[in-house]
1. Would you tally the residues in the stretch 36-90 being surrounded by fewer than 15 Cβ atoms within 10 Å (Cβ to Cβ) and not in a loop (DSSP other than H, G, I, E, B)?
2. Mind checking whether some residue in the stretch 140-161 is closer than 22 Å to residue 44 by Cα and in contact with a helix residue (DSSP H, G or I) (Cβ under 7 Å, 6 or more places away or on another chain)?
3. Condition first: buried (at least 22 other Cβ atoms within 10 Å of the Cβ) and among the charged types (D, E, K, R). Now tell me which residues in the stretch 158-183 satisfy that.
4. Where residues in the stretch 91-139 are crowded, with 20+ Cβ neighbours inside 10 Å and among the acidic types (Asp, Glu), which of them is nearest to residue 44 (Cα to Cα)?
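Laboratory data are not the source of any read-out in this text; all were calculated from the coordinates shown. Note that the structure is a prediction, hence the values are computed from the model and not measured. Note that we place each Cβ from the backbone using ideal geometry, even for glycine, and neighbour counts take in every protein chain shown.
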Amino acid sequence: MKKVQSAIILLSLLVFAGCGGGAKTTQTPSNTAPNATAQLPEGVLLKEAPAGAKDVSTVKKEAKAGDEVVMKGRIAGDKDVFVPQRAMFVLADTKLLACSERPGDNCPYPWDLCCETPETLKESTATVQLVDANGKPLKMDLKGVNGIKELSVLVVKGKVADREGGRLLVTASGIFIEPAAVK
């Protein structure tokens with residue numbers, strides 16, 4: 001349990017770090033990630049979005065530990081939105097603009113949402129995890145699995161596992177990956 005709590009605390013701290021000066025080139029999420037062939041557990045990947053999805057910030061305001069929730073967001077809110085070697089990621093409200101959606105913004109990691117205030121990020125982000133039969137996060141990287149990457153829009157169905165310290169940790173039972181918009 002301490003490892004899970006440590007990973008959550010680390011992820012929460014990273015969410016509020018934002019970006020600083022850094023490089024002037026903008027990176028985009030990679031289309032080919034190292035885990036493109038890894039498999040999600042049976043039944044987790046949904047063919048249709050669950051009904052009744054709410055924004056991450058709404059779920060964060062309303063939900064209590066143990067509640068079943070459906071929330072829509074995109075993988076964003078930090079430079080490192082995926083926890084290495086664990087099936088965990090940061091999900092942020094879709095209403096928050098990625099740096100790449102702001103004219104003239106040259107942030108190298110458009111998914112880090114560094115133009116948002118720490119307060120806004122705290123109110124509008126959640127950590128999502130996939131767990132094994134013992135309730136421990138799966139030991140796998142999710143980046144690249146079934147096309148999941150930074151800025152992917154997802155609808156997550158699951159149960160609120162933790163609400164301590166203003167955090168929202170959701171254990172996902174289903175994930176719907178919205179098709180990428182054609183530009």
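1. Here the count works out to 3.
2. Taking the stretch 140-161 as the starting set, the residues that turn out to be closer than 22 Å to residue 44 by Cα are 140-161.
If we keep only those that are in contact with a helix residue (DSSP H, G or I) (Cβ under 7 Å, 6 or more places away or on another chain) too, we end up with 150-151.
Within the stretch 140-161, one or more residues are closer than 22 Å to residue 44 by Cα and in contact with a helix residue (DSSP H, G or I) (Cβ under 7 Å, 6 or more places away or on another chain).
3. none
4. 93
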